[in-house]
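Read the structure below first, then the notes.
The values are calculated or read from the model by the stated rules, or taken from the named source; none is laboratory data. Please read these numbers as outputs of a predicted model, since none were measured by experiment. Cβ coordinates were reconstructed from backbone atoms using ideal geometry, including for glycine residues, and neighbour counts include every protein chain displayed. Heavy atoms of the whole protein, side chains included, go into the accessibility calculation; ligands, DNA and RNA do not. Shrake-Rupley method; radii C 1.70, N 1.55, O 1.52, S 1.80 Å.
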Amino acid sequence: MSADPAAVDLLLPAARELRVNTSPLGPGRSGGPARAGLFLAGVLVLVASVAASTRIGSARLGWGDLGRVLGARLGLAVEPLPPLLDSLVWDLRLPRVLMAALVGASLAVCGTVLQAVTRNALADPYLLGVSSGASAGAVVVAVLPLSGPAAGALGITGGALVGALLSFGLLLALLHRTGLDSGRIALIGVVVGQLFAALTSLVLMASADADTTRALTHWLLGSMAPARWDAVTVCAIVTPLGLVAARLCANALDGLVFGADTAASLGIGVRRTRMLLLVVTAVLTSVAVATVGAIGFVGLIVPHGVRLLVGPLHRVLLPHAALAGAVFLVWTDALARVAFAPREIPVGVITALLGVPLFLLVLRRRGEW
């Protein structure tokens, strides 16, 4: 049943005002100094987190050492570190930490968008089956006889990206027959994800030896270890573009939360907007998973936690979620590096262990548990 446009024109602003006034930041603060200050604080925390996390590892570095590395790379008149330490910081740690920030921001934005598009509080970036497709593509490349030992990190990344695009193409083909209804997106996404997950298991069991299976399992659980500057550059281009695209659709996302009929009554092109947002989230998720593997819970818990702080309006929620996701994954990756040093555990294991109690806490704060 279509909503009455006149009633919607009254209902939507009133609902927005009600939700803004119940924000912990106080009434009438949407877009005001309080949220601007919170965003600036988030940027500062992210910068400090990146710097501090770069120092953490088996070989601990001082703030001066980090400054000398960056100064030398920027051409400043500073005494460079020994080549081994310089390479440790510049070639290994810094790209890894920056990749964690970019992937965390991407996953948080994707989760925020998909929870609005599907009107499903449990939606996360892997709802579309893209993660399973990427995993299947990576596994196929790694175990194919014709790829052999030449299937290094770049080959696995390429295979993962191709698998992600194939799974998303299958999702769109199936949705073309049934429409872009929010419920169908979730259901068909689950079906596509299960299909490619089964293919991944089949290929692993049939073709991979023990060493390959162990290495792929580590990658499938998510790890920042493969991050290098070329991959960071790709993510540094894709992630801001995806955030900008999602931010431009913020008003449409607010409307979609109220349902397709309400959104259409407000003049929003529901099908076109959903398609655009599905493509944006699929691209962001594909690049993230193809680079570092599947990292769960970031896109699920971060949007819910940030909503408790800034409210549900997406023009405010999206940038804050990106910052929170970046900070969360930077510190989670740091914990994965040092918790069982010198052995490193997949970061996806840490996000799951932290994500379950955090999600229960969010549900409790929302009065849903």
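Below is a table of values for the structure above.
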{"quantity": "GNM flexibility winner over the chain from His176, His314, His218 (Cα, springs under 10 Å)", "calculated": "His176"}
{"quantity": "Most mobile of Phe328, Phe297, Phe258 in a GNM of the chain (Cα contacts under 10 Å)", "calculated": "Phe258"}
{"quantity": "Formal net charge of residues neighbouring Ala290 (Cβ-Cβ distance under 14 Å; K, R +1; D, E -1)", "calculated": "0"}
{"quantity": "Which of Gly305, Ala51, Ala294, positive extreme of dipole for the chain (C-beta unit charges)", "calculated": "Gly305"}
{"quantity": "Centroid-to-centroid separation of the range 222-289 and the range 329-367 [C-alpha atoms, Å]", "calculated": "24 Å"}
{"quantity": "J(HN,Hα) series, the range 77-88, from Karplus relation 6.51 cos²θ - 1.76 cosθ + 1.60, nearest Hz, glycine and proline x", "calculated": "7, 10, 7, x, 6, x, x, 5, 5, 4, 5, 4"}
{"quantity": "Quotient of C-alpha Rg and 2.2 N^0.38 Å, computed over the range 211-369", "calculated": "1.17"}
{"quantity": "For the chain: relative contact order, % (alpha-carbon pairs under 8 angstrom, 6 or more apart)", "calculated": "28 percent"}
{"quantity": "On Cα atoms only, tilt of 5-21 relative to the major axis of the chain in degrees", "calculated": "50 degrees"}
{"quantity": "Cα centre as origin, Lys/Arg/Asp/Glu Cβ charges: the range 241-326 dipole, Debye", "calculated": "120 debye"}
{"quantity": "Burial ranking of peptide ranges 131-138, 115-122 (average Cβ count within 10 Å, highest at the top)", "calculated": "131-138, 115-122"}
{"quantity": "Cα-based helix-to-principal-axis angle, 314-338 vs the chain, degrees rounded to 10", "calculated": "30 degrees"}
{"quantity": "The range 216-299: C-alpha gyration tensor shape, a/c 1.5 cut-off, then a/b vs b/c", "calculated": "prolate"}
{"quantity": "Heavy-atom surface of the chain, accessible at 1.4 Å and reported per residue (Å²)", "calculated": "46 Å²"}
{"quantity": "Share of carbon and sulfur in the accessible heavy-atom surface of the range 59-185 [1.4 Å probe, %]", "calculated": "68 percent"}
{"quantity": "Relative contact order of the range 89-232, pairs being alpha-carbon contacts under 8 Å that are 6 or more residues apart, as %", "calculated": "34 percent"}
{"quantity": "Evaluated at q = 0.14 Å⁻¹: base-10 log I(q)/I(0), Debye formula over Cα of the range 161-241", "calculated": "-0.72"}
{"quantity": "Residue-count net charge about Ala260 - beta-carbon cut-off 10 Å; Lys, Arg +1, Asp, Glu -1", "calculated": "+1"}
{"quantity": "Asp181 paired with Val279, simple spin-label distance in nm, labels 7 Å along Cα-to-beta-carbon", "calculated": "2.5 nm"}
{"quantity": "Value in Å of the Kirkwood radius, where the chain supplies the Cα pairs that are averaged", "calculated": "21.6 Å"}
{"quantity": "Under Karplus coefficients 6.51, -1.76 and 1.60, residue-wise ³J(HN,Hα) of the range 341-355 in Hz, glycine/proline x", "calculated": "4, x, 7, 9, 9, x, 5, x, 5, 5, 5, 5, 5, 7, x"}
{"quantity": "Calculated [θ] (222 nm, deg cm²/dmol) that DSSP helices of n ≥ 4 give over the chain, each run adding -39,500 (n - 2.57)", "calculated": "-24500 deg cm²/dmol"}
